[in-house]
Amino acid sequence: MRSITPTHANISFSFSLMLLIWCLNTGLSADVAGASDHPLLKRISGSEIFFQSKADYDRLKLALGKIEWNAAEMAVKPYESLTVEGSRLTNYYLLPESISVFEAYRNYEQELRDSGFEILFSGHGDEVETPSYNNQIAREILKMTGVYNTPEEKAQWPFQHTDEKVASYISARKTTDSGDVFTSIYIVPNQHDNWMKRLPIGRTLVRADVCEVKPREQRMELVTSEQMQNEITLNGRVALYGIQFDFNSAAIKPESNETLDEIAKLLSTQTNLKILVVGHTDAIGGFEFNKNLSTQRAEAVKNALISRKIDASRLFPVGVSFAAPIASNSTEDGRAKNRRVELVDLAQGKF
């Protein structure tokens, strides 16, 4: 049989066909112009990005527990949440027809764990919120309250008006060399036929937010009561560098007043919070001397808070000398990081 030599046209057509098949398989052919995935978060195969927004510096609020509705008061009950700040990428995905909300939820959970994320909270249906009360993940957490006056509000509309009984939510954190990365995944069924002229009714939609927290040196910075609360909620403690003392002394310098005021504000609003006030020193000098000094400094902070009308029974001063460094004591920069006051949530512990 005579062999057939492929022509340039045949090769070109074959390559184009292969490229088209690859695009369809990866779901990239229908992405909005310029959109792409965050490098730390994969999409479900075959998904399409139908809207994307970015911000160099923004907030991302994450739910850390179920949001429940108080029908008697017509309001949500107090719930756990965390607000982080940094660069933010938000992608809105249309998933393939064969993928249900629950299947997508389980896929994202597994992918996040496999990628080194810690799941902070996750759930499906009434594990996430009380159904039929205004979709609180969309409203309370993701602040989707617009009326589709802008392109992003149009993208948000199916998330605002969906069936919470089958929606899913995940919040997660990953620690990287350049800082913490937080993500939230909200997965819903689309109940609006041909919305935006491209979203078929019944298809699964995903809103994926990724916030890269910008590294922050806290030395001599004013850390607000809200930031303190976020750190304590997430990590059980917050390190403060805005409380300054005279050299080798427990006398608090006047420039510490703003930070002390913020601590008092935190404790005034979080009325059930009891804290260990922990004094830390660098490694210059003897351990026992520094232990006494750190204890006296912790007691000075307690007294300063009492003077701001905080109940003494909620404050427990502790000095640990240089037993708990967070940096090397061999450099001045490291020693500066080790000289700090920490607020530690006593939680269920006893002192």
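The values are calculated or read from the model by the stated rules, or taken from the named source; none is laboratory data. Just so it is clear, the model here is predicted, and its values are computed rather than measured. Heads up, the Cβs are rebuilt from the backbone with ideal geometry, glycines too, and the neighbour counts pull from every protein chain shown.
A few remarks follow.
- With respect to the conditions (1) under 18 Å from Val320 (Cα atoms); (2) among the polar types (S, T, N, Q); (3) in contact (Cβ under 8 Å) with a residue 40 or more places away in the chain, Thr295 lacks only one, and its number is (3).
- Checking Ser256 against (1) in a helix (DSSP H, G or I); (2) surrounded by fewer than 15 Cβ atoms within 10 Å (Cβ to Cβ); (3) at pLDDT below 95, the condition it does not meet: (2)
- Yes/no for Pro317 being under 19 Å from Val238 (Cα atoms), assigned by TED's automatic domain parsing to the domain that holds Lys274 and in contact with a Ser or Thr (Cβ under 8 Å, 6 or more places away or on another chain): yes
- Residues that are modelled with pLDDT under 95 and among the aromatic types (Phe, Trp, Tyr), drawn from the range 57-116: Tyr57, Trp69, Tyr79
- Residue count for the range 43-81 under the criterion of being closer than 17 Å to Arg139 by Cβ, of a type in the set (A, V, I, L, M) and buried (at least 16 other Cβ atoms within 10 Å of the Cβ): the result is 5.
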